[in-house]
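Here is the structure we will look at.
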Amino acid sequence: MKAFTLFVKEHVPFMLFQVGLVSFILLLFWLDGFRNPNTAIYSVAMSILLTAGYLGAKFIMRRTYYAKIVEKPKQMEDALIRHVMTAEHRMTMEFTRELYRLYQREVQTLYDTQNRHLHFMNQWVHQMKTPISVINLLLQEDTVDKKSIEQEVGRIQNGLDIVLVNARLETFEEDMQIERLLLRQVLQEVLNENKRLFITNGLFPVLNVEEYLTVATDRKWIKFMLNQFITNAVKYTFEKGKKIHVNAVQLQEGLCLEIVDEGIGIPASDLHRVTKAFFTGENGRLSGESTGMGLYIASEVCEKLGHQLTISSKQGEGTTIALLFKDGEAGEQSDDATGR
């Protein structure tokens, strides 16, 4: 009954139009001198029958559609109306189905994001227990080892930075500011921030980047990525006295920044998965400190900034991380910027 009522309400304007049209035709004939009442009655009756037949056939064709839309939906699949006969409702059905597909993709994206955040937080909280436990043990000693405490606090700080960066990744565009930066200056800042890490592990950074080279990027995000690359290079170089080379090479495609370590390298089976979320691989199990999120976030940032990230490695010889600033994103510093 609800379907029929809805159908009638939808076609009230059409029925009023038919009444007006028949009335106009009868008036026209009457003014022309044709005033036979039997013909008028016959015309009105035929108009009613034809209109009723048209509306009845239309309702029969669309009754499935009307019956479906007057029901209260119980699940999202109820929006997918089937057995539609008219072209208009076919288009409506296709439009609704496309909306449903978009809804499914958005829900899946939100679910994946939420699940990733939850997994990461659980893993991060578990890993932060270790430095906190170590600090508690150190504080119980008669002589406090400040250097060891500083190292553990540094681990906690790095973990907090990863959490904050991961949280800001969803609103990356709002937090991005592209500017032209002196590449060597940015690299020197990152190396100075990791000076204690180099000294502790007995490694030596070698910076081979010309002072005039500039890149168009975001200062905060590029420093985060470089910190991740440098930290990984140090973390997986176990022999003291080794070097970490930072080179800038001008290619036809743009400026290529390379960070080359002399560490244990990445197994070939893990190489194509190191930028996946939560993937730690064989090396991560060796160090016991990997969250599997550093390179994942760095690769996501590279994609959003338009930089090309490639990782090559040979097990036992070292790893090379290359960051390509494509055409229009790299170049020499202008005379105005240098003051020459």
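Taken together, the values in this text are just the output of simple stated rules run on the coordinates, not laboratory data. This is a predicted model, so every value here is computed, not measured. Virtual Cβ from ideal backbone geometry, glycine too; neighbours counted across all protein chains shown.
Observations
- Cα centroid separation, region 104-160 to region 162-179 (Å): 20
- Between residue 214 and 183, 331, 332, 333, the built amide H atoms are under 5 Å apart, and every one of these is 5 or more places off in sequence or on another chain.
- Where a label projected 7 Å from the Cα of residue 114 along Cα→Cβ would reach, residues of region 154-173 with amide N under 20 Å: 166-171
- Amide N of region 33-53 lying under 20 Å from the label point, which is placed 7 angstrom from the Cα of residue 24 along Cα→Cβ: 33-34, 40-41, 43-52
- Within the chain, percent of DSSP bridges classed antiparallel, to nearest 5: 85
- The phi-based Karplus calculation (6.51 cos²θ - 1.76 cosθ + 1.60; θ = phi - 60°) puts the 3J(HN,Hα) values of region 108-117 at 5, 4, 5, 5, 4, 5, 5, 5, 5, 4 Hz, whole numbers, x for Gly and Pro.
- Charge dipole magnitude, Cβ of K and R +1, D and E -1 - the chain, Cα centre, debye nearest 20: 1800
- Packing-based ranking, highest mean first, of 137-145, 211-219, 109-117 given that Cβ atoms within 10 Å are counted: 211-219, 109-117, 137-145
- Mean Cβ count within 10 Å, highest first, over the residues of peptides 298-311, 147-160: 298-311, 147-160
- Multiplying the residue separation of residue 251 and residue 145 by 0.36 nm and removing their Cα-Cα distance gives an extension gain of 33.3 nm.
- Rg ratio (alpha-carbon, reference 2.2 N^0.38 Å) - the chain: 1.77
- From most to least packed by mean Cβ count within 10 Å, the peptides 26-35, 44-53, 191-200 give 191-200, 44-53, 26-35.
- Between helix 219-235 and the chain: long-axis angle, C-alpha atoms, 0 to 90°, nearest 10: 50
- Stretched out straight at 0.36 nm per residue, the stretch from residue 34 to residue 137 would grow longer than its current Cα-Cα span by 25.8 nm.
- R0 of 45 Å, Cβ-Cβ distance residue 63-residue 170: FRET efficiency to nearest 0.05: 0.45
- Computed label-point distance, nm, for sites residue 41 and residue 127 using a 7 Å Cα→Cβ extension: 9.3
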